[in-house]
Amino acid sequence: MTQPTSAGSRIHLPLEPNPVLVQHAKQRAESVQNRISDHITLFAGSMAFVYVHIVWFGLWIGLGVEDYPYGLLTMIVSLEAIFLSTFVMISQNRADAKHQVVADQQWTTVREEDQQNRQLIDLSTEILELTKQIHAVASQQQDPS
């Protein structure tokens, strides 16, 4: 998050991670399957993944591993696409789980703030009633008729 300054430059403030998300990540990291899935999706969503495939396809075709129409390569790429689509869904489920954790925390905060607001309204009402009583007593003392 950045804050504007009078000179128009920006100050970069460090953002603290959401403690609920940190706890969620720790719980998720306890599972070997989750760690493997996280590493695969991290790599599959990178430019390194693209470069590996450019080199792989280039070498496959350039070295003549098989003749056109590249049936084996097509089958390998199709299987890879099936697995990658599964990892995309896993990644989406992980993102949904993170959003749910944050939403649950926000709902808890909203409920706590609502309770605090109700307490403040009750206190304000009591203060108003006491103020009215004080004004009534003060007006009786000023006007002893």
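We did not get these values from a lab; they are worked out from the coordinates using the rules stated. Note that this is a predicted model, so its numbers are computed, not measured. With ideal geometry, Cβ positions are generated from the backbone for all residues, glycine too; neighbour counts draw on all protein chains shown.
Within region 67-77, is even one residue touching a helix residue (DSSP H, G or I) at 6+ places or on another chain (Cβ under 8 Å), over 30 Å from ILE36 (Cβ atoms), free of Cβ contacts under 8 Å to residues at least 24 places away in the same chain and not in a helix (DSSP H, G or I)? No; the residues of region 67-77 include none that is touching a helix residue (DSSP H, G or I) at 6+ places or on another chain (Cβ under 8 Å), over 30 Å from ILE36 (Cβ atoms), free of Cβ contacts under 8 Å to residues at least 24 places away in the same chain and not in a helix (DSSP H, G or I). Each residue in region 23-62 was checked for being within 18 Å of VAL88 (Cα to Cα) and among the hydroxyl-bearing types (Ser, Thr, Tyr), and 3 of them qualify. Taking the criterion of being in contact with a helix residue (DSSP H, G or I) (Cβ under 6 Å, 6 or more places away or on another chain) and in a helix (DSSP H, G or I), would at least one residue in region 123-131 satisfy it? Checked region 123-131: no residue is in contact with a helix residue (DSSP H, G or I) (Cβ under 6 Å, 6 or more places away or on another chain) and in a helix (DSSP H, G or I). Checking every residue in region 27-40 against the condition of being surrounded by fewer than 10 Cβ atoms within 10 Å (Cβ to Cβ) and either more than 21 Å from GLU80 (Cβ to Cβ) or touching a strand residue (DSSP E or B) at 6+ places or on another chain (Cβ under 7 Å) (or both) gives at least one match.
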